[in-house]
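Okay, structure first, notes after.
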Amino acid sequence: MASARGPLRIEGVAAASLARRFGTPLYAYSKAALRRRWEDLQQAFQAPDFLLCYAIKANSNPAICRQLARWGAGAEVVSGGELSLALHSGFQPPRIVFSGVGKTREEMRAGLRAGILTFNVESAEELALLSRTAKALGRRAPVSIRVNPAIAAAPHPHLATARAGSKFGVPPREALRLALKAAKSTRLRFLGLHAHLGSQIFDASSYERESRLLMSLSRELKSRGVAIKTLDFGGGFGAEERGQREFPLGRVSSVLRRATGAFPGLTAIIEPGRYLTAGTGTLLTTLLYRKAVLGRRLLIVDAGMNDFLRPALYGARHMIIPASPRPGPRTPADVAGPVCESADVLGRGLRLPPMKPGDVLAVLNAGAYGFSMGSNYNSRPRPAEVLVDGRDVRIIRPRETISELLDCRR
Ligand code: LLP
């Protein structure tokens, strides 16, 4: 999608023209890119053995969600808001899984009423509350137990959710205990086990270790008369900021297939977020000012850490290129936003050609955890989002206005 030399196009549309037409900062998504990622996943992880639950926190735009739901995806949700979004977007309740360490009673009620596939339960107290909530509603709650596999797979501490000592899930022994308890309860319906390794994982061996652990726990449960219907391996499929490494889909799918093949009739669930949407999205931003700071070339743009938090929060190094490159030598430059924080730097040490105020820059691979992690910090309205489909462009979220920010009664 991105060419380093000619003008950047998003499908059939010049990125610079999108910026002119809709203003910046602007998130632009490619429907064709989304479809390609979806098809790659679907081919590698085929139904009925696999259920693909899109982690909608990665990109919660209702139009993106609706599109994935239409193609047959399930959803992984972590809050009442995400559950409502999933239902509103057309994800089928029997394809929705609900994770998260802090589900409230109201969120449990909403999930039970909707008839979701399962709650991925993360503590003994949560299991007890789910059981009481189900009883009060006169229902049986579907339950999976989230195991903390103690595998350090993710590249950044903030992206690691499966290390020993993390707040997520419970250790394997406790998972067994909770699973046996759930299997005996008349208020709970035990489905299986869940784990999530963290994010930005590129090696199949981490999934192999995860599957070995889940399979050995499953065998132990089976030997105690508890059947396993689902095994959820979580998400974490890497999609690099600079787009240089590819996630080994084929290898991971054969690892999981080999493991789950031992349990006929079992459904394997995966919960990819970033893999589906990262490369689908580009953040367009306009150059406001050029400065030289201690001899360093500094470009101040109109998108900040409130619009795109990943570089500030994780030190993520996204490729940033001019939408319409000018001729001339490429020299090192830092790109910083307007927010009053030193961390508000979108890219450092980039090699960029000459640029003038008004030129448009494109932050690539920004479709996952971009808009969805944005905020109104510095009272900055959130950017608009558009979906490009061939030559068609549709606004899928209008730019927020300052008067919306001022309206406290909303
Ligand atoms: N399942 C569970 C239980 C999760 O907690 C997550 C992500 C996913 C699936 C999807 O992970 P993915 O396939 O997208 O890696 N904000 C960070 C990523 C945090 C992910 C949190 N949980 C970032 O911008 O890199």
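We did not get these values from a lab; they are worked out from the coordinates using the rules stated. Please read all numbers here as calculations on a predicted model, not as lab measurements. No Cβ is skipped: glycine too gets one built from the backbone with ideal geometry, and neighbour counts run over all protein chains shown.
If packing is taken as the mean number of other Cβ atoms within 10 Å per residue, what is the order of 375-382, 326-333, highest first?
On the way: 375-382: 15.1, 326-333: 11.2.
Going from most to least packed, we get 375-382, 326-333.
Between residue 51 and 268, 269, 270, the built amide H atoms are under 5 Å apart, and every one of these is 5 or more places off in sequence or on another chain. The stretch 163-208 and the stretch 355-406 have Cα centres separated by 36 Å.
What is the diffusion coefficient of the stretch 31-277 in µm²/s, taking the Kirkwood radius over Cα pairs and the Stokes-Einstein relation at 37 °C with a viscosity of 0.692 mPa s?
Numbers: Rh = 17.8 Å.
Approximately 184 µm²/s, per Stokes-Einstein.
Under 5 Å between amide hydrogens, built in the peptide plane, is the criterion, and for residue 75 it picks out 54, 96, 97 among residues at least 5 positions away or on other chains.
With the highest mean first, a sort of the peptides 54-66, 23-35 on other beta-carbon atoms found within 10 angstrom per residue produces 54-66, 23-35. For the chain, the relative contact order works out to 19 percent when only alpha carbon pairs closer than 8 Å and six or more residues apart are counted. Under Stokes-Einstein, with the Kirkwood radius over Cα pairs standing in for Rh, what whole-number D in µm²/s applies to the stretch 1-104 at 4 °C and 1.567 mPa s? Roughly 84 µm²/s, to the nearest whole number. Convert each backbone phi in the stretch 14-19 into a coupling constant with the Karplus relation 6.51 cos²θ - 1.76 cosθ + 1.60 (shift: θ = phi - 60°), then list the ³J(HN,Hα) values in order as whole Hz, x for Gly and Pro. With the stated coefficients, the stretch 14-19 comes to 5, 4, 4, 6, 5, 4 Hz.
Relative to the current alpha-carbon distance between residue 124 and residue 43, full extension at 0.36 nm per residue lengthens the span by 25.4 nm.
Once you have the Cα-Cα distance between residue 66 and residue 203, take 0.36 nm times their residue separation minus that, and quote the gain in nm to one decimal.
Full extension of this stretch gives 46.3 nm more.
Here the Karplus curve 6.51 cos²θ - 1.76 cosθ + 1.60, taken at θ = phi - 60°, turns the phi angles of the stretch 138-143 into couplings of x, 10, 10, 8, x, 9 Hz, with x standing for Gly and Pro.
Charging the Cβ of each Asp and Glu at -1 and of each Lys and Arg at +1, and nothing else, the dipole of the chain about its Cα centre rounds to 400 debye. Among the listed pairs 31/356; 57/103; 31/291; 57/291, give every one whose C-alpha distance is greater than 27 Å. Those over the limit are 31/356; 31/291; 57/291.
You can think of it this way: the chain between residue 402 and residue 294 has 35.3 nm of extra reach, that is 0.36 nm per residue less the Cα-Cα gap. Residue-wise HN-Hα couplings along the stretch 299-304, as the Karplus relation 6.51 cos²θ - 1.76 cosθ + 1.60 with θ = phi - 60° gives them from phi, are 10, 9, 10, 8, 9, x Hz; Gly and Pro carry x.
Only lysines eight or more places from residue 184 in sequence, or on another chain, were considered; those with a Cα closer than 20 Å are 135, 222, 229.
Would you mind getting me the FRET efficiency between residue 224 and residue 348? Use the beta-carbon distance for r and R0 = 51 Å, nearest 0.05. Numbers along the way, then the final one.
Details: r = 54 Å, r/R0 = 1.07.
It comes out at approximately 0.40.
Report note on the peptides 290-300, 235-245: ranked by the mean count of other C-beta atoms within 10 Å, highest first, their order is 235-245, 290-300. Amide H to amide H distances under 5 Å link residue 263 with no residue, where only residues 5 or more positions off or on other chains count and H is placed in the peptide plane.
Roughly how compact is the stretch 73-175, stated as its Cα Rg over 2.2 N^0.38 Å to two decimals?
Values: Rg = 14.1 Å, N = 103, 2.2 N^0.38 = 12.8 Å.
Working it through for the stretch 73-175, the quotient is 1.11.
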